[in-house]
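Every number in this text was worked out from the coordinates using simple rules, so none of it is lab data. Everything quoted here is computed from the prediction, not taken from an experiment. Neighbour counts are summed over all protein chains in view; Cβ atoms, including those assigned to glycine, are modelled from backbone coordinates with ideal geometry.
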């Protein structure tokens with residue numbers, strides 16, 4: 001570094017905020033959990049998760065809320081994790097949601113003053129869950145910029161899941177309908193590659209051009225939704241479908257509300273995502 005020259009800190013991959021809530025615990029001996037919030041933020045933001053160099057505007061913004069529901073000992077806990085991540089929309093200041101997940105089966109241990117060690121090939125009840133979701137967010141993000149670009153990150157998440165299964169840890173079983181294993185199994189399945197192509201087309205061919213050519217963007221979204229409908233008929237009740245629509249339902253309504261294609265979009269969405277009809281009704285009102 002040249003004397004007198006100030007350089008900006010290297011951007012890694014995440015701009016993550018964390019919140020730890022332990023109000024449900026009885027007793028006054030858990031104040032040390034306040035430090036866990038900062039530990040999680042440092043862990044997510046200051047480790048190198050990829051070999052790529054992210055610009056500041058490319059960072060994946062995410063939030064991790066940890067709601068500690070019970071303690072087994074003074075240092076072992078069961079918690080709910082609520083994860084949200086976003087992606088920037090090209091040419092705008094807006095963000096699009098990518099993942100919104102509530103994970104209610106997280107058992108981990110944490111002692112006061114214990115640093116979180118980045119060692120993805122060693123299972124740990126606390127850091128392995130953070131590792132898993134970091135690679136999951138990277139997989140979805142990279143898939144939205146290039147076709148199947150997130151493959152290596154989904155595979156890393158799957159590797160963590162396999163390490164966890166070998167320890168019989170809670171929340172990693174392949175038989176859980178909406179568990180961690182189900183997401184990576186589906187996102188790495190050859191049968192689900194069309195869904196991953198949907199993520200690329202939806203973001204690059206629709207959202208990223210929406211402000212430039214609204215009608216072209218809407219036409220591309222309609223094509224994407226038809227692909228989803230065809231895939232849904234073949235792969236019904238897939239957990240990853242629900243992840244897509246839970247993040248994109250309001251955005252889809254915003255794109256087509258008061259447009260001539262609103263009724264057509266409603267017909268497709270009511271077929272592939274009937275649980276959110278109350279949201280989609282705005283398209284035909």
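Descriptive notes on the structure:
- Based on Cα contacts under 8 Å between residues 6+ apart, the chain shows a relative contact order of 12 percent.
- Region 80-213 shape via C-alpha gyration tensor axes, a/c threshold 1.5: prolate
- Among 45, 168, 220, the largest mean-square fluctuation in a Gaussian network model of the chain (Cα springs under 10 Å) belongs to 168.
- For region 1-114, the share of DSSP beta bridges that are antiparallel, to the nearest 5, is 70%.
- Rounded tilt (10° steps) of 34-46 against the dominant C-alpha axis of the chain: 60
- Length gained when the stretch residue 167-residue 114 is fully extended (0.36 nm per residue, less Cα-Cα span): 16.9 nm
- For the pair residue 148 and residue 55, label points projected 7 Å from Cα toward Cβ lie 2.8 nm apart.
- Rounded to the nearest 10 degrees, the inclination of helix 239-256 to the longest alpha-carbon principal axis of the chain is 50 degrees.
- Förster radius 22 Å - calculated FRET efficiency between residue 285 and residue 82, Cβ distance, rounded to 0.05: 0.10
- Computed [θ] at 222 nm, deg cm²/dmol, the chain (DSSP H ≥ 4; -39,500 (n - 2.57); rounded to nearest 500): -13500 deg cm²/dmol
- For the chain, the alpha carbon convex hull comes to 159 Å³ per residue, rounded to a whole number.
- Modelled label reach - residue 271, point 7 Å along Cα→Cβ, region 217-234 residues with backbone N closer than 15 Å: 222-234
- Tensor-based shape of region 26-120 (alpha-carbon gyration tensor, a/c under 1.5 rounded, otherwise prolate or oblate): prolate
- Projected-area mean, region 192-285, by convex hull of Cα positions, square nanometres: 5.3
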